[in-house]
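Since the structure comes first, as structure tokens, the remarks are kept for the end.
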Amino acid sequence: MTDRSEAPPRPSRRTLVKGAVAGAGIATVAGLWFEGFGDPARRRRIEPTPEGTPLRTIPAEDGPRLAAVLDRLMPSGGPKSPGARDVNAIGYFDALFVNDEISDNVQALILWGLDKLKRQAQSAHGTPDLQRLDAAKLDALIKGMENDRDGIRWMRATLEFVIECLFGDPVHGGNPNEIGWKWIRHRPGTPRPLTPGWKLEEQP
Amino acid sequence: MSYDVCVIGSGAGGGSVAWRLSSQGYKVLLLERGPRYKRTDFLKDEVIQQRRPNFRPLIKNEPIIKQSYDFQAKQWKDERTTVFYNGTLLGGSSELMSGFFMRLKPHEFKARSAFGQIPNANVADWPISYDDLEPYYDLVEKLVGVSGRIVDLPAHIADKRSSPDFPMPATREHWFSEQIDKACKGQGLHSIPLPRAVLSVTDNDRWPGRKVCDYNGYCGSYACHPGAKGAAGAAFIPRAEATGNCEIRTRAMVTELVTDASGGRIVEARYIDRDGKIQSVKAGTFVVACQAIETARLLLKSNGGKGVANSSGQVGRNFISSAFGAGWGEFDLKQNPHLWKEKDNPFINRIVQDYYTRPDVRHGGGTLNFLLMHPNPINASTYQAFWDSTEIRNGERVPVWGQALKDKLAHYFTEVEHLKFEVFGNWLPNDWCRIELAPKQKDKWGQPVAQVKQYSHAVTVKNAKWMIERGMNFLKSMGAKKVRQAPVWGTPSTNLLAGTCRFGDDPKTSVLNRDCRAHDVDNLYVTDGSFMPTGGRVPFTFTIYANALRVSDAIVKNLGGTPTKPV
């Protein structure tokens, strides 16, 4: 049984950096991230929802709202500087939401943030339609998410998926025509996966 | 069926023993909790190899409780995590190592005698010497395949070797390597080519089934497609299977070792198989190599929760890691356009050990290791967004996002090349860094999970900062710009885990004897990094391999055999 009163020697104030406090936060988010990933037996291929195709899991009215937020987190600048819209991040997110590898908690965190932004947009600008706000207004709302820990965790979780969509191998449905890699002049390692939706197959 | 030896865990400490004993004619059963994958499926895919939990369990199924002491609340605070599972697959975490194969210095084996004890630390001498381990370092270089180059060094830095050179030449090197050599020369330091467990040649006679490195730079945290990296799954397990004496069962989660009535012999290991059924294995000898945390956990919860091999009360104690730190600086690609062409040369492979000890700080000092940033674009970008952020609010780093992030990424990837250093320093063993069984939390099988108390000695942290300062000054001397460091967490590096079952000659203060056999149990050995009373100032895998082969010979002798010369 742990003796919870057993105290180690106290480090001096300068011994550890402030960042160590934040470590717990990111670890929590990482923990959430991994929470819902299924056993290999339960996994299935991730297919993003193609551009122009109805979203499968994100409610129709929320799709454009979330897409607008993603594009402010990683603004699109065309082929030479692609962002969320350029890589169809909303389709990638839609696929992640139906993928049983992805944690319910992460989905909940992303949707919690979207709902909060919608409410704030309604309150400040009279509409929950975030896509109707100009960039400065939407940026101000997103900036407001930095004011509390949950908001920062939402931002990390959301941004991580945008980055994954932008710089993951195209076989996973993002980074079309390696547009993200070309932007950052990334040379992928070889051998690369060739089959969309491939996964590591467990051997007997 | 009964086996001569049951090995639990297939990483550096288990896979090597399984090969050695099966090659000596013993019937070996190797149990691994993780899955087995085809090596040819280890593609360079960051999403699969890094972003999906193929190499670690799910937190909801198998959490570890990480505890940090809250000095304000005056209690240990819990956090559920899986970060300490860094290689749950056949081959263990050796599959994901970088393969930095540095030897311990002779004085590391007598750290307490050489440097003394200091308050709040539990430094102990090893019961063996460098000379006892040297033949096995040499053997590992030949069997696993270590590439490198010998240079003239002063006696206090040079390795004492029984072979004049490495079994194969060093890998190709980056332009930075020569610049480090020059900078060291100018400062009276010694630039040492870093030995790597990476094949620089293909040689099917010496390293069967493995191919030369493909120079992608995807070493650390990636399982190696050509098998160039000397992971247990590449270097030892195929050889073990080829003997015909080694049976492997994956997805076998060992839950308990059971002793006879006297408590002095293990008679059975129980495990849960891939179908969730409880199985039993009988063997003459049991070898545990589940990595420091899980090894301690298994011993503590064995025998119906009474524990085994723990009359000393030392199982789980003195959990150690490395006083880790890192920093990096930038070199402008416009001013150094030739660096674009260096992308085919991912290895810098240089270390500096002139700071290995410090006259002013006992147990201080360490190794500086120079390398490039990992080529992972997703991980690098999230680091830029989350950790390279300088704004902290409510105790959280505020992510960089929007155009500011895009500018940051464009700069990071296309305008500069980074030269990075890492620090390996002594992690002082202490009473507050240890493994226990969590009092309430269970895994999906109803087994108590490990509880990791993490606490770093003040000297460990101060020394890491001192080493980081040396590294940053060195980068500046080379002309690097924007030199900065990673945060010093003061927590164990999750890929450098040792201690918890230290070996020694006194059964009252150690768990294992000098042969890494449990003082209390005649037929139980531990061959992962758990045996280490101190970890020294280099990564552990090379030493774990060498010690596991040393212990293998002891097991052979204990079984009445005579170990043959393997190479």
Query - Any pair with Cβ under 6 angstrom, 6 or more apart, that starts in the range A:193-204 at a residue that is within 7 Å of another protein chain (Cβ to nearest Cβ) and ends at one that is in a strand (DSSP E or B) and crowded, with 17+ Cβ neighbours inside 10 Å - result: A:200/B:37; A:203/B:36
Requested in this report: Please specify each residue of the range B:390-416 satisfying the condition of being more than 8 Å from every other protein chain (Cβ to nearest Cβ), over 31 Å from the mean Cα position of the chain (by Cα) and not acidic (Asp, Glu).
Outcome: B:400, B:404, B:408, B:411
Query raised in the report: Inside the range B:372-417, can you point out the residues that are under 23 Å from residue A:136 (Cα atoms), at pLDDT 95 or above, open to solvent by less than 30 Å² (accessible area, probe 1.4 Å) and not hydrophobic (A, V, I, L, M, F, W, C)?
Result: B:399, B:402, B:406
Requested in this report: Report, by residue number, each residue of the range B:429-453 that is within 12 Å of chain A (Cβ to nearest Cβ), buried (at least 20 other Cβ atoms within 10 Å of the Cβ) and part of a loop (DSSP other than H, G, I, E, B).
Outcome: B:430, B:433
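Tell me which residues, restricted to the range A:73-92, are in a helix (DSSP H, G or I), touching a residue at least 24 places away in the same chain (Cβ under 8 Å) and more than 17 Å from residue B:381 (Cβ to Cβ). Walk me through how you get there before you give the answer.
Restricting attention to the range A:73-92, the residues satisfying the condition of being in a helix (DSSP H, G or I) are A:73, A:85-87, A:89-92.
Checking which are touching a residue at least 24 places away in the same chain (Cβ under 8 Å) leaves us with A:73, A:86-87, A:89-92.
Across the range A:73-92, the qualifying residues are A:90, A:91.
Return yes or no: is residue B:100 out of contact with any His (no Cβ under 9 Å at 6 or more places or on another chain) and away from chain A (no Cβ under 14 Å)? Explain how you work it out, then say what you get.
Working: out of contact with any His (no Cβ under 9 Å at 6 or more places or on another chain): yes; away from chain A (no Cβ under 14 Å): yes.
Criteria met by residue B:100.
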Report task. Confirm whether residue B:242 is of a type in the set (A, V, I, L, M) and surrounded by fewer than 17 Cβ atoms within 10 Å (Cβ to Cβ). Result -> yes
Query raised in the report: Can you tell me which residues in the range B:190-236 are touching a strand residue (DSSP E or B) at 6+ places or on another chain (Cβ under 7 Å) and within 14 Å of chain A (Cβ to nearest Cβ)?
Result: B:213, B:217, B:219, B:228, B:229
Query raised in the report: Can you find even one residue in the range B:203-221 that is assigned to a loop (DSSP other than H, G, I, E, B), open to solvent by less than 20 Å² (accessible area, probe 1.4 Å) and aliphatic (A, V, I, L, M)?
Result: no
Requested in this report: Report yes if some residue within the range B:374-389 is within 12 Å of chain A (Cβ to nearest Cβ) and farther than 25 Å from residue B:50 by Cβ; otherwise report no.
Outcome: no
Report task. Pairs only if they're at least six apart or on different chains, beta carbon under 9 angstrom, first in the range A:156-171 and within 8 Å of chain B (Cβ to nearest Cβ) and under 21 Å from residue B:396 (Cβ atoms), second open to solvent by 10 Å² or more (accessible area, probe 1.4 Å) and aromatic (Phe, Trp, Tyr); list them, first residue then second. Result -> A:159/B:401; A:160/A:33
Report summary line: Exactly one of B:151, B:140 is among the β-branched types (Val, Ile, Thr) and either open to solvent by 40 Å² or more (accessible area, probe 1.4 Å) or in a loop (DSSP other than H, G, I, E, B) (or both), and that one is B:151
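Output the residue which, of all residues in the range A:86-101 that are at pLDDT below 85 and open to solvent by 10 Å² or more (accessible area, probe 1.4 Å), is nearest to residue B:53 (Cα to Cα).
Of all residues in the range A:86-101, those at pLDDT below 85 come to A:96-101.
From the residues that got through so far, the ones that are open to solvent by 10 Å² or more (accessible area, probe 1.4 Å) too are A:97-98, A:100-101.
Working: A:97: 17, A:98: 18, A:100: 13, A:101: 9 Å.
By that ranking, first place goes to A:101.
The values are calculated or read from the model by the stated rules, or taken from the named source; none is laboratory data. Given the structure is predicted, the values throughout are model-derived calculations rather than measurements. Cβ sites come from the backbone with ideal geometry, for glycine too, and all protein chains shown count toward neighbours. Side chains included, ligands, DNA and RNA excluded: accessible areas come from the protein's heavy atoms. Shrake-Rupley method; radii C 1.70, N 1.55, O 1.52, S 1.80 Å.
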